[in-house]
Amino acid sequence: MELHERIFELALNRSFFLPSNEPYGAISGFYDYGPVGKLMKSRIENAWRQAFIRDEGFHEVETSIITPEIVLQASGHAANFADPVVECRVCKTRIRGDTLIEEKLKEKSGEMHGAKWDGKLDTIDTMIREEGIVCRKCGGELGHASMFNLMFKTGIGGEMATAFARPETAQGIFTAFTRLFRNHGAKLPLGVAQIGKSFRNEISPRKGLVRMREFTQMELEFFFDPAEQGFLGFESVADHKMRFQINGEMSEKTASQSVSEGIASNQIMAYFLAKEWQFYKRIGIKEDDMYFRVLPKQEVPHYSKGNIDMEVQISYGDIETIGNAYRTDFDLSAHSKFSKKDFSVFIESRKERIIPHVFEVSFGVDRPFFCILEHCFREKDSKDGTGNWKLGTGKEWEWFDFPPLIAPYQVAVFPLMKKDGLAEKAQELCKMLRTEFDVLYQEGGSIGKRYARADEIGCPYALTVDYDTLKDSTVTIRYRNDGKQERIKIEECVARITQNIEKGRVTL
Ligand code: GAP
């Protein structure tokens, strides 16, 4: 069984996520988060909010999902936001043409990742004929490739004015820009971010949370004066090392080198790349399994002058989890033209009006969520012939080694027994802790089994209320990774857990 299949099973059984509308046949590309997954997803979003909004003094907005057609005509999505599709002449199944080609090339070269499609529909048609590619589902003949727009269409009001569910959260930020600029200092640079749902009618989504039709993005639009390509505070990340893949070659560069060697468009881009690298490490992505891919020209989206994607290696292959784009003045100029409103701002020092440039950081939430599940998954341990633990963890159950920062429940509370007032005491402790943390509370079953259940959803600390608690108001705190325990006073619990989370401590 491949790792992603295993994770999918665990996700279903441990309430991380599940297919939406399951009793009605679960249409692919839609997933619900269960109670455990929802806690973890919110924690990832909050960690991002802290790092990319609060720490930087930026602003967060929440804009409409339903977007009038003209906005998406201006942004170019109405004309360009499309994937190639081929239809089976027999069973009418629609398949992504570029995926077919990439899979075929991968099969031929024997490499893990197929070469990328060159963007031409003719190439797909030729390849289908020359390689004899047929429908995956029924083996039928495939028709000609055509472009398929990925936006979900809807109508507004009785007149059903054409509108779409937004394909990215960014456009709402651009259309609100002039008012936001005026109300928040009327100075560049200005950072505006949004966390919310985006929608893409993916042709044949097959990889669970990796390709969804409704998914969450965390996007930051950084508006700046193109004459000022430096970034205040860049020195703090100048020596940070990251890995870049350029034309298939991997190399390690510092943030400074990425600017001087022209890999990053400017200091602004390099600053955010370094932040992303650190952020990913903090939320549990393995450093060895991530890298930035510098996109070749033919892959750069219609709105961008240069793109660098974060890619993460998981059992599905290498997947893009963050897009970084130098969007220049593309969007603001386009909205200015289509709305006939002035999107320019006045630069006091030069006494001139300009259209700001934009650097965009575009994170998905669901893809890194899945990557974390894979990267933090730990196998069961067992004993060898001499009675020693093979892995050294001593855990006879599959568990998750989540960083405490994003663990679904930060702490578990267990009474040793239900009787003799222990459950009441534990509930009291639980109530106190719930003002600060998400707490897992369980009374039934042996204490060993309850520790195992907490490990299985990656809970880093477990507090046990026992008979000594009734005498001296102390509890044991058990650390997830080594299973070791110490005794602490109840009044110290909040401070201790808070410090542990901050330090990422998972052993005694
Ligand atoms: N505003 C720019 C933009 O949307 P993108 O590269 O198309 O750029 C950014 O998307 C991120 O959104 C991706 O790196 C990925 O994490 C997430 N994303 C995009 N399409 C997705 C899908 N179908 N399912 C899940 N996540 C997706």
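One line per residue, one yes/no per condition, for (1) in a loop (DSSP other than H, G, I, E, B); (2) open to solvent by 50 Å² or more (accessible area, probe 1.4 Å); (3) more than 16 Å from the ligand (Cβ to nearest atom):
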{"residue": "His144", "(1), (2), (3)": "yes, yes, yes"}
{"residue": "Met151", "(1), (2), (3)": "yes, no, no"}
{"residue": "Phe164", "(1), (2), (3)": "no, no, no"}
{"residue": "Pro167", "(1), (2), (3)": "yes, no, no"}
{"residue": "Gly185", "(1), (2), (3)": "yes, yes, yes"}
{"residue": "Ala193", "(1), (2), (3)": "no, no, no"}
{"residue": "Ser204", "(1), (2), (3)": "yes, no, no"}
{"residue": "Leu209", "(1), (2), (3)": "no, no, no"}
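Out of the range 1-26, which residues are part of a loop (DSSP other than H, G, I, E, B), free of Cβ contacts under 8 Å to residues at least 12 places away in the same chain and open to solvent by 50 Å² or more (accessible area, probe 1.4 Å)?
If the condition is that a residue be part of a loop (DSSP other than H, G, I, E, B), free of Cβ contacts under 8 Å to residues at least 12 places away in the same chain and open to solvent by 50 Å² or more (accessible area, probe 1.4 Å), then Met1, Asn21, Gly25 are the ones that fit.
Give me a count of the residues in the range 432-468 that are basic (Lys, Arg) and assigned to a loop (DSSP other than H, G, I, E, B).
Counting residues in the range 432-468 that are basic (Lys, Arg) and assigned to a loop (DSSP other than H, G, I, E, B) gives 1.
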| said: Test of understanding: among Phe222, Phe174, Phe181, which residue is within 16 Å of the ligand (Cβ to nearest atom), assigned to a helix (DSSP H, G or I) and buried (at least 16 other Cβ atoms within 10 Å of the Cβ)? | reply: Phe174
| task | Report whether or not Gly385 is more than 16 Å from the ligand (Cβ to nearest atom) and in a loop (DSSP other than H, G, I, E, B). | result | yes
| Can you spot a residue in the range 456-463 that is surrounded by fewer than 18 Cβ atoms within 10 Å (Cβ to Cβ) and either within 27 Å of Gly284 (Cβ to Cβ) or at pLDDT 95 or above (or both)? | yes
| Meets criteria (modelled with pLDDT of 95 or more and within 16 Å of the ligand (Cβ to nearest atom)) for Phe244 | no
| remark: Of the residues in the range 164-218, those that are more than 14 Å from the chain's Cα centre (by Cα), on the phi > 0 side of the Ramachandran plot and touching a residue at least 24 places away in the same chain (Cβ under 8 Å) come to Ala186
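Quick check on my filter: what residues within the range 419-446 are among the β-branched types (Val, Ile, Thr) and buried (at least 17 other Cβ atoms within 10 Å of the Cβ)?
Answer for the range 419-446, where residues must be among the β-branched types (Val, Ile, Thr) and buried (at least 17 other Cβ atoms within 10 Å of the Cβ): just Val439.
For the range 482-491, indicate whether the set of residues that are modelled with pLDDT of 95 or more, within 29 Å of Val365 (Cβ to Cβ) and open to solvent by 70 Å² or more (accessible area, probe 1.4 Å) is non-empty.
Looking for residues that are modelled with pLDDT of 95 or more, within 29 Å of Val365 (Cβ to Cβ) and open to solvent by 70 Å² or more (accessible area, probe 1.4 Å), one finds none in the range 482-491, hence no.
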| If we only count helices (runs of 4 or more DSSP H) wholly inside the range 253-367, which ones have 2 or more residues that are within 14 Å of the chain's Cα centre (by Cα) and either within 14 Å of the ligand (Cβ to nearest atom) or surrounded by fewer than 20 Cβ atoms within 10 Å (Cβ to Cβ) (or both)? | 267-282
| request: Among the residues of the range 415-431, count how many are outside any loop (DSSP other than H, G, I, E, B) and in contact (Cβ under 8 Å) with a residue 12 or more places away in the chain. | output: 8
| note | Okay, strands (runs of 3 or more DSSP E) sitting entirely in the range 31-95 with 2 or more residues that are within 21 Å of Gly284 (Cβ to Cβ), I get 31-33
| field | Verdict on Glu235 being modelled with pLDDT of 95 or more, open to solvent by 10 Å² or more (accessible area, probe 1.4 Å) and more than 28 Å from Phe164 (Cα to Cα) | value | yes
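The values are calculated or read from the model by the stated rules, or taken from the named source; none is laboratory data. A quick note: this is a predicted structure, and the numbers were derived from the prediction, not measured. Glycine gets a Cβ as well: all are built from the backbone with ideal geometry, and neighbour counts include every protein chain shown. Only protein heavy atoms, including side chains, enter the accessible area calculation; ligands, DNA and RNA are left aside. Shrake-Rupley method; radii C 1.70, N 1.55, O 1.52, S 1.80 Å.
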